[in-house]
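Here the structure is laid out as structure tokens; the discussion comes afterwards.
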Amino acid sequence: MPSKNRERLRKTHKEESEDFFLKKINFDKLPRHIAIIMDGNGRWAKKKGLPRIVGHHAGVKATREIVKAAAEIKIKYLTLYTFSTENWKRPKKEVSSLMSLFKNTLKEELGELSENNVRLNVLGHLEELPDSTKKCFENSIKATSNNTGLVLNLALNYGGRQEITEAVKKIVREVLLKNLSPDLITPETVANYLYTAGMPDPELLIRTSGEMRLSNFLPWQSTYSELWVTETLWPDFSRLEFFKAIYEFQQRKRRFGAID
């Protein structure tokens, strides 16, 4: 290999290291809230000739690393698209395996979540989950409720349109009860009835697997989120790419419809 090519490869390797991006990141201007569409578990497994559930297990490892990374650098909110309302349409065997995976993972990770001061929260409805999985989530939420570090939101049995529809119903009830005047309803009012009430909107939304759509994920909250899409499938998503996404987010100018 010509010396120039070797030098270019060494340079690329150096620039694509965790340390490189950690040194470049401005820790005084971190996004308070990062949301991730964790896509590609099934395709990852298919590429390797493995059952889809193996891809989901591999995805858990990636999730563990990203949660740890977010906690380490003091991100305040991390929202992960875990299971959508549309995912119930998948084969029953896969759904059942996912529910068992959620339950077993929570049991295994609860201690580490507490050690890292992570508070678990669910965006969505637990009622439709199998009883054992539902109870495991409820117990984990309660066990971490006093933690003061990273708030880990799992968007579980979640649908963005469903969330907004429920918010509208709650607002209508308040109006009918004369607790709220229609003339006083603002975007802030609507936000206060969403699952994320009291949280900042995600400044950075990451999607793996290269798909260019939101897939019914946080449609209200992501209105001004900076989108960062990678071709990497979720099981292969690393701390390096996570830090790279944050670094590249910090290079953007956020105008919110205005001009510089």
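Assorted remarks:
- For the chain, the longest principal axis of the alpha carbon atoms and the long axis of helix 239-250 meet at an angle near 70°.
- Compared with the dominant Cα axis of the chain, that is its longest principal axis, helix 3-15 is turned about 30°.
- Residue pairs, from the table Lys74/Lys253; Lys29/Lys244; Lys46/Lys244; Lys48/Lys68; Lys107/Lys142; Lys46/Lys103, whose Cα atoms sit over 19 Å apart: Lys74/Lys253; Lys46/Lys244; Lys48/Lys68; Lys46/Lys103
- The convex hull drawn around the Cα atoms of segment 40-134, when projected onto a plane and averaged over every direction, covers 6.6 nm².
- Applying a DSSP loop filter and a limit of 14 other Cβ atoms within 10 Å to the GluC sites (Glu not before Pro) in segment 66-148 leaves Glu127, Glu128.
- The ratio of the alpha-carbon radius of gyration of segment 192-260 to the globular-protein estimate 2.2 N^0.38 Å is 1.22.
- Here the alpha carbons of the chain define both size measures, Rg and Dmax, at 20.0, 77 Å.
- Asn192-Phe256 FRET efficiency (beta carbon distance; Förster radius 22 Å; 0.05 resolution): 0.65
- Average projected area [Cα convex hull, segment 140-260], square nanometres: 10.7 nm²
- Sorted largest first by accessible area at a 1.4 angstrom probe radius, with every protein chain in place, the residues Arg254, Arg207 fall in the order Arg254, Arg207.
The values are calculated or read from the model by the stated rules, or taken from the named source; none is laboratory data. In this text the structure is predicted, and so the values were computed from the model without any measurement. Cβ coordinates were reconstructed from backbone atoms using ideal geometry, including for glycine residues, and neighbour counts include every protein chain displayed. These area figures cover heavy atoms from the full protein model, side chains too; ligands, DNA and RNA do not enter into them. Shrake-Rupley method; radii C 1.70, N 1.55, O 1.52, S 1.80 Å.
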